[in-house]
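Novice: Handing you a structure now.
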Amino acid sequence: MENDVIVLYPGNWLYNAGVIGFLEVMAYGEDSKEVEKWFKDDGSVEIKKRVFDFRKVGNKFLPQCLYYYVELLTKDEDIHEWIKRTDKNKVSYEQKYKDIAREFGSEWGYKYVRAMNKLFYSNMPYQNLFQKADWVSDSLINFIRKIPEVIDLKTDVLCGLCNNFYHSEFPYLSEQTINRIMKFSEMHVHNLKIGPSIYQFPNGFWNNSQSFHICPLCSYLIIHHHIALVELSDKSKIFVNAPSFKVMWHLNRYVKEVYGREKIEVIRELLGMSIIELSLKFHIQLGKWTMMNIEVVNQYREGNNDKIEFFSLPYETILLLLDRNIASLINDVGEINVLNLVLDGKYREILDFGERVFKVGIKNKNDWGKQESDFINKKIKLDKNKNNLVTFSQKLFKLYALIEEKIGKGVHV
């Protein structure tokens, strides 16, 4: 069975994002539940080698994983509308790529070209990493197809991303192409505007005075990392990194779910709510090491510079949010300011808040003064809580009690 899988272990955040992006592609093509069977409790993931097997598309044979990638990249694309567009020479894409389309079976061939353009064209995430000559011919296809075979040929070349040794010779690629795609450069991270020659080189890498070699598998995985990034309305992008692919998989999915539902822009609130979702929807036991190393990678633009920052919550806070009773109550309360009191470690203020709400709630609303009305309207956003102040205050009392109980059992804050 071991010969049927490739075992991957968490590494630096960029590598991890590439793996999660790749798994998202596989989940799109197959099924999330199937992909989730690949995760192991030690934090690793076992990629089935069959995903690199060929499938027939027209007159071509395409690696299964690449077929799924094309499908994902073009799922919202109107290919019939796209092929009517023209290049700088006023030649329609339909005419320009008709030979490729014919090879793949007409319409799907145009989807393939469109997907390759969205990956490797000018100003795309991996600009020029795989050039047109690579994907028009069978070079790219055979490169991907041969990955399981080549990485099993251990030699003395060390991959700077996964730390595994690999075989550097690749019969289907020119030496020029090998040097381009198997040596880490800005082309691998063009959309992040980072690289070995740029001062914002991400934490977790080394040898930032020069580039380093990467194995064929990492070179392929890395062109999926943008799939794992969540873009916020201010155009910044985030990725939740952790020492476990299983945890990363769920947390990043919850970040997308929470952001899509709540439109929360504050990173710590997004992370806090995602950890709550993890607690409520997925029964998972995290070790202390994992909880201490959950972080959000934030890529954003400041002036003319692209920057990457890292944000994490204290271990003690994560431990509280992962308590199902506490998570359930915070979720039921639904007030961001209450979540922030937990994130800030201001637990006593939860009790004080509840007491003040209770005092207002036991009064007839007609007897409220301006100060009381302003307090309720400013501090409580949800109608369900405004209309049931006593019940709301009791939930706050219970939340405070649960936190104190948790602290008493050994959470040192």
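Novice: Over the chain, calculate the relative contact order: mean separation of alpha carbon pairs under 8 Å at least 6 apart, over the residue count, as a percent.
Specialist: Across the chain, relative contact order equals 14 percent.
Novice: Here's something else I'd like to know. How far is helix 64-73 tilted off the main Cα axis of the chain, in degrees rounded to 10, range 0 to 90?
Specialist: The helix 64-73 is inclined about 60 degrees to the chain.
Novice: Tell me, what ³J(HN,Hα) does each residue in region 270-280 have, in order and in whole Hz, if you take phi through Karplus 6.51 cos²θ - 1.76 cosθ + 1.60 with θ = phi - 60° and put x for Gly and Pro?
Specialist: 4, 5, x, 5, 5, 5, 4, 4, 4, 5, 7
Novice: Using each residue's phi in region 27-42, evaluate 6.51 cos²θ - 1.76 cosθ + 1.60 at θ = phi - 60° and report the 3J(HN,Hα) Karplus result to the nearest Hz, with x for Gly and Pro.
Specialist: Whole-Hz 3J(HN,Hα) from phi for region 27-42: 5, 5, x, 10, 6, 4, 5, 5, 4, 5, 6, 7, 6, 10, 5, 7.
Novice: Could you name the aspartates and glutamates whose alpha carbon sits less than 18 Å from that of residue 346, not counting residues in the same chain fewer than 8 places away?
Specialist: Partners found: 269, 316, 323, 335, 355, 404, 405.
Novice: Any chance you could give the angle, 0 to 90 degrees and rounded to 10, that helix 370-379 forms with the longest Cα principal axis of the chain?
Specialist: That helix lies at roughly 30 degrees to the long axis.
Novice: So how do 9-15, 387-393 stack up, highest first, on mean other-Cβ count within 10 Å?
Specialist: Most protected by this proxy first, the peptides run 9-15, 387-393.
Novice: Moving on. Could you list, in their original order, any pairs among 33/263; 90/111; 33/60; 118/235 whose Cα atoms are separated by more than 22 Å?
Specialist: Where the Cα-Cα span goes over 22 Å, the pairs concerned are 33/263; 33/60.
Novice: Something else now. What residues have an amide H closer than 5 Å to that of residue 296, excluding those fewer than 5 places away on the same chain, when H is modeled at 1.01 Å from N in the peptide plane?
Specialist: HN-HN under 5 Å from residue 296: 241, 311, 312.
Novice: Between residue 106 and residue 298, what FRET efficiency follows from the Cβ-Cβ distance if R0 is 41 Å, with the result rounded to 0.05?
Specialist: Using R0 = 41 Å, I get an efficiency of 0.45.
Novice: Another question, if that's okay. With the chain treated as a Gaussian network of Cα nodes joined by springs under 10 Å, which of 364, 305, 337 yields the largest mean-square fluctuation?
Specialist: 364
Novice: Also: Give me the distance between the Cα centres of region 88-143 and region 231-262, rounded to whole Å.
Specialist: First find each Cα centre; the distance between them is then 30 Å.
Novice: Collect residues whose amide H, placed 1.01 Å from N in the peptide plane, falls under 5 Å from the amide H of residue 183; neighbours closer than 5 in sequence don't count.
Specialist: So residue 183 has HN proximity to 214.
Novice: Follow-up question, since we're still on this one. Report the Cα centroid-to-centroid distance between region 288-328 and region 1-79 in angstrom, as an integer.
Specialist: Comparing the Cα centres of region 288-328 and region 1-79, I get a distance of 26 Å.
Novice: May I pose another question? Counting pairs of Cα atoms in the chain, how many percent are more than 42 Å apart?
Specialist: Percentage above 42 Å: 25.
All of the numbers you see were taken from the coordinates with simple rules; none came from a lab. Here the structure is a predicted model, which means the values were calculated and not measured. Using ideal geometry, Cβ is built from the backbone for each residue, glycine included, and neighbour counts are taken over all protein chains shown.
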